[in-house]
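What follows is a short report on a single structure.
The values are calculated or read from the model by the stated rules, or taken from the named source; none is laboratory data. Everything numeric here is computed off the predicted structure, so don't read it as measured data. Heads up, the Cβs are rebuilt from the backbone with ideal geometry, glycines too, and the neighbour counts pull from every protein chain shown. Heads up: the accessible areas ignore ligands, DNA and RNA and are worked out on the full protein's heavy atoms, side chains in. Shrake-Rupley method; radii C 1.70, N 1.55, O 1.52, S 1.80 Å.
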Amino acid sequence: MITIQGILERLTYQNPDNHYTIAKLRVRQISDCVTIVGYLAGVFEGETLEISGEWVNHHKYGDQFKIEIYNVVLPATVSGIKKYLGSGMIKGVGKSLADKIVNHFQENTLEIIENEPEKLRDIHGIGKAKKHLIEEAWNRHHAVRRVMQFLQKNGAGVVHAAAILQTYGSHAMDILQNTPYLIARDIPKIGFKIADIIALQSGIKKDDDKRLEACLIYTLLSFEQDGHVYGLKTDIFKFASRVSGIEYDKFELALESLTDSDEVQIEYVPGEEKLNDTDSDNAEGNHTGLANREPSEIRVYLPRLYMAESGIASRIKAVLSMPLISHEITKDKILEEILSKLAVKLSDEQLNVVTKVLGEKIVVITGGPGTGKTTLIRALCEIFNMQDKKTVLSAPTGRAARRLSEVTGNKAFTLHKLLEFDHENQTFGKNFTNPLNLDIFIVDEASMVDTMLMYKLIEAMPATASLILVGDTFQLPSVGPGNVLSDIIESDSIKVFSLTKIFRQAQESPIITHAHKIRNGKMPQIKTLESDDLSEFYFIENQSSEKVVQTIIELCSTRIHRAFPHINEIQVLTPMHRGEAGTINLNQQLQKTLNKSKNGIKTRDFIFKPNDKVMHLKNNYEKDVFNGDIGIIHEIIKSEDRVMVDYDGRIVEYDILELDELSLAYAISVHKSQGSEYSAVIIALTTAHFPLLQRNLLYTAMTRGKNLVIIVGSSKALETAFNNNKTALRLSGLKEKLIKP
């Protein structure tokens, strides 16, 4: 490993989420600045750094020094310390105050501030408040560096230092040194691995109770990431055993300890339980230890998921028990009202559903494309309006809410906005004690609502109100844990109205007819693009992923582009992010072809250019932009490192440190497309996508297109997706809790 020392000349780029940095270092022995790359944090331009690593050669940018370990070299001379403190790096310390402090403590100044800040009060003009301000500013300035150096020293890697600091702030070092396994609970994706390395380095035994408990919590959080609301004890122990290298049966006491401290919730599956002799004396409600019970199945929940699942069931039952206040209205009156207000004649099926919905407290309306779900929502809004009932429309995502507003002509809200979600505190303003002000609550795209969000929405709904859930259960399940809409339907606890009739106009659409065939398990005959017959649905056979990408580029740049010239009209969908036909490569190749602009701004993964199609990746409540929102880059101001994005006429500004919230969106994943519609959809489908090839994914992708759908890929991949109707099993107990009296 090579070590170099120099002055940090310029921070060219720094990722705020993981501190990946590209910078220029001025090294005394080298005439030009050295480009350094790697994970670097808690440093400022002008500071002296000692960096260990190796030289690498980038094919485009030439020689670079890759950072493995770094250290900030603090000045040792009186003049150097004065310059360092007076530079403005430490908030509250200007040049004159820096001179006073250094004149008093001389070469020991920085050590005093670091380790004995109370002594600062010996200096005239520094009282308790000023001392505290300097101490806090110093700690803030050096906190990231300390965490990064601690992780490097322990071989834990530094890529997730930002997440640790964001979670624990000034307490990060204390957590890392004294209770590292807390990270496993608070930062699910990375916590256990980092905590385990640190703890084992410090001498903790592999079978230590805290390690085993942390491993079980990490396992449950991993199960949640996979969509499960709970885990079976046997599965959890097997997973934890693999992760920790500890025998399966060692986890019994750890699980019992977590249960006693209410860090997990145990549920015994209804059925026979075998109680042994030691258990029988205490069978009446006393906790006797999991090891003494032998039920057929033990479910293990994280408490918040157990509370959410149980809360949904109990709240639904409570709402159903309330009397319904409904005005009598005849079918003829409904038909007349809808015809006069909407110029629409309801079908017999729709009329029947409207009539019955008016007599229910909670209902589900489901059906495939072209069956009139949207018309039904519009009709219900008119009838409820006629009855002077306050009706609120909502959907899980911003895209779905906007689409609902467009097709119904009524204002629709995202569920998070409606429930007054506070992103900073991760709390909801609307709840049981502060309910929503409404009579009718309509939730569209309800299949996208996970267990936690359903709990929050039904908790905030007044018991006197009515709830209408609208969705297509054949689409992909929610990203978060649970099968909420499917569980509600299968429980038979509430009325479900399925729209089955495809309207004549929809019957003429190959997109809709093919989608219904696939939904019903019948493989449709899809025309090839070379066919002389004009259609709205085509299949282009390409065996290799490389050829699939080339064909998609050609379609987007020439053939389809002529019919759909606006960039937002065409959307490429693919099951995965990685690989030749994944979103990352497709976006880079499509950008290269479709956007010839030279005025770009570079981030770690992309170069963004004016007129690029981009997607916002996480909810940003300050900007009022949400995960999955798609916009067009309106302007790039390179001199100020700013990017302006146009979201349907509203310009939103990003600085260079916020660009990780954006991704190119010429191609997006099928999951990200849920709740949206596009004029033309091109679907990449190759055997390389095998892990995700399922019928509901194919169906979801197809039903995103309004006027044209083209599948580009291999027949084998198409057949694999169609034949795989086994959706990934998600463990959820909601159905049983709804059935249980």
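Summary of computed values
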item	result
Given (1) over 23 Å from residue 406 (Cβ atoms); (2) in contact with a Phe, Trp or Tyr (Cβ under 6 Å, 6 or more places away or on another chain); (3) not aromatic (Phe, Trp, Tyr), index of the condition residue 365 fails	(1)
Residue pairs meeting the criteria (Cβ under 6 Å; at least 6 apart or on separate chains; first touching a residue at least 12 places away in the same chain (Cβ under 8 Å) and in a helix (DSSP H, G or I), in the stretch 471-491; second open to solvent by 10 Å² or more (accessible area, probe 1.4 Å) and charged (D, E, K, R))	487/735; 490/735; 491/735
Only listed residue being under 17 Å from the mean Cα position of the chain (by Cα) and at pLDDT below 90, chosen from 602, 638, 618	618
Cβ pairs under 7 Å, 6+ apart, first in the stretch 715-741 and more than 16 Å from residue 575 (Cβ to Cβ), second surrounded by 14 or more Cβ atoms within 10 Å (Cβ to Cβ) and of a type in the set (Phe, Trp, Tyr)	731/230; 733/230
Qualifying positions in the stretch 133-159 - under 30 Å from the mean Cα position of the chain (by Cα), closer than 15 Å to residue 115 by Cα and modelled with pLDDT of 75 or more	146
Matching entry among 81, 69, 90 (being of a type in the set (Val, Ile, Thr) and part of a helix (DSSP H, G or I))	81
Test: residue in the stretch 504-525 that is in contact with a strand residue (DSSP E or B) (Cβ under 6 Å, 6 or more places away or on another chain) and either in a strand (DSSP E or B) or open to solvent by 70 Å² or more (accessible area, probe 1.4 Å) (or both)	no
Scan of the stretch 56-65 for residues that are in a strand (DSSP E or B) and among the aromatic types (Phe, Trp, Tyr), ordered by number	65
Boolean, residue 134 is within 21 Å of residue 172 (Cβ to Cβ) and in contact (Cβ under 8 Å) with a residue 40 or more places away in the chain	yes
Residues located in the stretch 46-55, provided they are within 14 Å of residue 3 (Cα to Cα) and either of a type in the set (A, V, I, L, M) or outside any strand (DSSP E or B) (or both)	49, 51
Selection status of residue 169, at pLDDT below 85, of a type outside the set (Lys, Arg), at positive phi and open to solvent by less than 60 Å² (accessible area, probe 1.4 Å)	yes
Enumeration of residues in the stretch 187-216 that are open to solvent by 40 Å² or more (accessible area, probe 1.4 Å) and more than 28 Å from the chain's Cα centre (by Cα)	200, 201, 202, 203, 204, 205, 206, 207, 208, 209, 210
Helices (runs of 4 or more DSSP H) completely within the stretch 175-227 that count 2 or more residues being at pLDDT 90 or above	209-225
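Condition check ((1) open to solvent by 70 Å² or more (accessible area, probe 1.4 Å); (2) under 39 Å from the mean Cα position of the chain (by Cα); (3) closer than 19 Å to residue 149 by Cβ; (4) at pLDDT 80 or above) across all residues:
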{"residue": "24", "(1), (2), (3), (4)": "no, yes, no, yes"}
{"residue": "32", "(1), (2), (3), (4)": "yes, no, no, yes"}
{"residue": "49", "(1), (2), (3), (4)": "no, yes, yes, yes"}
{"residue": "86", "(1), (2), (3), (4)": "no, no, no, no"}
{"residue": "92", "(1), (2), (3), (4)": "no, yes, no, no"}
